[in-house]
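Enquirer: My questions all concern the structure below.
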Amino acid sequence: MTRASRKVTRILWDSFLLRCPQCGQGHTFKGLFKLNPTCEVCGLQFERESGESVGGMYINLGGAELFTVGGFIVMHLLFKPPFVPHLIFWILFNIAFVLLFYRHSRSLWMGIAYLTRNKE
Ligand SMILES: [Zn+2]
C-alpha cells in the first residue's frame, strides 16, 4: 500500500468512526443527530456548504437497501421463513439501519468531501 492510499484509507476510516478527517481526533457528531460545525481539536469546518450532506444520505439509503434486500433474499433462500413476519423483520431492520447508520454515512461523506475539496 502506498503512502497516499494509506492516507486516503485513514481519512475514510476516521470519518466512518465519526472522527475529524483532518486530524483524526475531533468528533464530527455530538449525540445521535447533531453535527458539530467545526472540529474541536483542529478547527476544520465540517460542512462548508448547505446541502453538502446529500451524498451522505445516498450512502445511508444505498447501504440500507443493499443490506435489507440482500438480507431478505439470503435468509429467504437459506431458511424459507414465513413471509409476513420475515417481511416485517426486514422493514424494521431497514428503519433501524437508516437511523443507526445516519451519522456514519454522513461523516463518511464529509471525509470524501474533505479528500476532494480544493485546498486553498
Ligand atoms: Zn480535526
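The numbers here are math on the coordinates, done by the rules we state, and not lab data. None of these values were measured; they are calculated from a predicted model.
Enquirer: Any chance you could give the angle, 0 to 90 degrees and rounded to 10, that helix 54-79 forms with the longest Cα principal axis of the chain?
Expert: In the chain, helix 54-79 runs at an angle near 30 degrees to the longest axis.
Enquirer: Residue separation times 0.36 nm, minus the C-alpha to C-alpha distance between LYS34 and LEU17: what's the value?
Expert: Values: separation 17, 0.36 × 17 = 6.12 nm, distance 1.52 nm.
That works out to 4.6 nm of additional length.
Enquirer: Helix 83-116 sits at what angle to the longest principal axis of the chain, using alpha carbons and giving 0 to 90 degrees rounded to 10?
Expert: 10 degrees
Enquirer: Once the cut-off is 26 Å, how many percent of the Cα-Cα pairs in the chain end up in the long-distance tail? Mind showing how you got there, number by number?
Expert: Values: 2368 of 7140 pairs.
That fraction is 33 percent.
Enquirer: HN-Hα J couplings of region 40-52 from phi, Karplus 6.51/-1.76/1.60, θ = phi - 60°, integer Hz, Gly and Pro as x?
Expert: With the stated coefficients, region 40-52 comes to 6, 9, 10, x, 4, 7, 6, 10, 7, 10, 5, x, 5 Hz.
Enquirer: If amide H atoms are built 1.01 Å from N in the plane of the peptide, which residues on other chains or at least 5 residues away come under 5 Å of the amide H of THR38?
Expert: Result for THR38 returns PHE46.
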